[in-house]
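A short write-up of the structure that comes next.
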Amino acid sequence: MSTTRPTGGRLSFRRPALGGSNLDGMGDAAPTTNPTLLGEMAMEALGSAIIAIFGIGVVAQVVTAKLGDHNSIAWSWGLGVTLGIFVAAKTTGAHLNPAVTIAVALFKGFPKARILPYIGAQVIGWFLGSLVIRIVYSGPIGAIDPGLTGATQGIFSTSPGNGDNALQVSVGLAFFDQIVGTAVLLFLIFAITDPRGANPSPALTAIAVGIVIVGIGLALGTDAGYAINPARDFGPRLMEWISGYDGAWVDQNGFPYFWVPIVAPIIGGVVGGGLYQLTVHRTLPAD
């Protein structure tokens, strides 16, 4: 059945369209409204939650039931990112990551007034997605780690060397790792989405970015668990703390670690986005 979506007030997800809209699909009539800021925030939250369900869910499966390995983790994270992009891309461009939001605000003209609302929505989405997994896997987690210790904390949040001191990953090395990983991510996102670059179709863009995540997971997953997203770590870490993990804010050595996957990815995103703009973007031919 085709319907015309009504316009709404301040709390509405949509506002009157200017010049029409192409946001149609599933046989519905083309909408006569465009999303409000609240609608954009809802899509950033939902897209983030989808990634969390697939990404954190696969880690929970591997840790609790030994079903799968690092390959399945890397691929499920990549699939989650692709599917999260499908949810939010048409409305917001699918940032789903504060490092992306800040980088596109600095280099691509994204409105700076929307930075904090988008980041807030992303944190909420990651919190809720991780909460779903916390509930779904409450039985297996309780069975192998009734005390809610570091044995299962890594399901939801990251730590140096993925909690293994034998790998000799210092906090400083983990910090640098997160800068590098996020710089690679933003450099490649800019390369994929540049209108004068490869710029594939929206569906192929979502798949390509998902493949980037798979590649980063396969190549840069040892030192710090490739959070490469402040909301991806902070939202689930907050959920952990609320749900009973007393050590949620520290690493396996008791060091306050929560700030590392927040600060380092922001720096890395600026570095990666800026490097792309200074190099590849300047060499592209005119349209």
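The values are calculated or read from the model by the stated rules, or taken from the named source; none is laboratory data. If you're wondering where the values come from, they're calculated on a predicted model, not measured in any experiment. Please note: Cβ atoms are built from the backbone with ideal geometry, for glycine as well, and neighbour counts cover all protein chains shown. Surface accessibility is based on the protein's heavy atoms, side chains included, excluding ligands, DNA and RNA. Shrake-Rupley method; radii C 1.70, N 1.55, O 1.52, S 1.80 Å.
The table for this structure:
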read-out	value
Whole-percent pair-distance distribution, where bins are 5 Å wide, for the alpha carbons of the range 106-172	3, 13, 15, 15, 14, 14, 12, 7, 4, 2
Arg282-Lys108 pseudo-label distance in nm [points 7 Å out on the Cα-to-Cβ vector]	2.1 nm
For the range 106-227, diffusion coefficient by Stokes-Einstein and Kirkwood Rh (Cα), 4 °C, 1.567 mPa s, µm²/s	76 µm²/s
Under the Karplus curve 6.51 cos²θ - 1.76 cosθ + 1.60, θ = phi - 60°, whole-Hz ³J(HN,Hα) for the range 153-167, x wherever Gly or Pro sits	4, x, 4, 10, 10, 9, 7, x, x, 6, x, 9, 5, 5, 7
Gaussian network model of the chain, Cα within-10 Å springs - most flexible of Leu167, Leu218, Leu131	Leu167
Rh by Kirkwood over Cα pairs, then Stokes-Einstein D for the range 171-237 at 1.567 mPa s and 4 °C, µm²/s	101 µm²/s
Accessible surface of Val209 - all protein chains present, 1.4 Å probe, nearest 10 Å²	10 Å²
³J(HN,Hα) computed for each position of the range 169-175 - Karplus, 6.51 cos²θ - 1.76 cosθ + 1.60, integer Hz, glycine/proline x	9, 7, 4, x, 5, 4, 4
Hydrodynamic radius (Kirkwood) for the chain, which is based on Cα pairs only, to one decimal in Å	19.6 Å
CD proxy at 222 nm, helix term only [per DSSP H run n ≥ 4: -39500 (n - 2.57); per residue of the chain; nearest 500]	-20000 deg cm²/dmol
Positive-pole candidate from Leu278, Trp126, Val260, dipole of the chain, charges at beta carbon	Leu278
Isotropically averaged projected area of the range 95-139, using the convex hull of Cα atoms (one quarter of hull area), nm²	3.0 nm²
Backbone HN-Hα couplings from phi across the range 94-99 [Karplus 6.51/-1.76/1.60, Hz, Gly and Pro as x]	6, 5, 6, 6, x, 5
Alpha-carbon Rg with Dmax, taken over the range 39-136, Å	14.2, 45
Rounded to the nearest 10 Å², the accessible area of His70 at probe 1.4 Å	80 Å²
5 angstrom amide H check on Thr33, placed H, neighbours 5+ away	Ala17
Coil-residue trypsin sites (Lys or Arg not before Pro) of the range 102-201, DSSP, other Cβ within 10 Å capped at 16	Lys108, Arg196
Model label zone, Arg196; criterion: amide N under 16 Å from point 7 Å along Cα-to-beta-carbon; scope the range 93-120	107-109
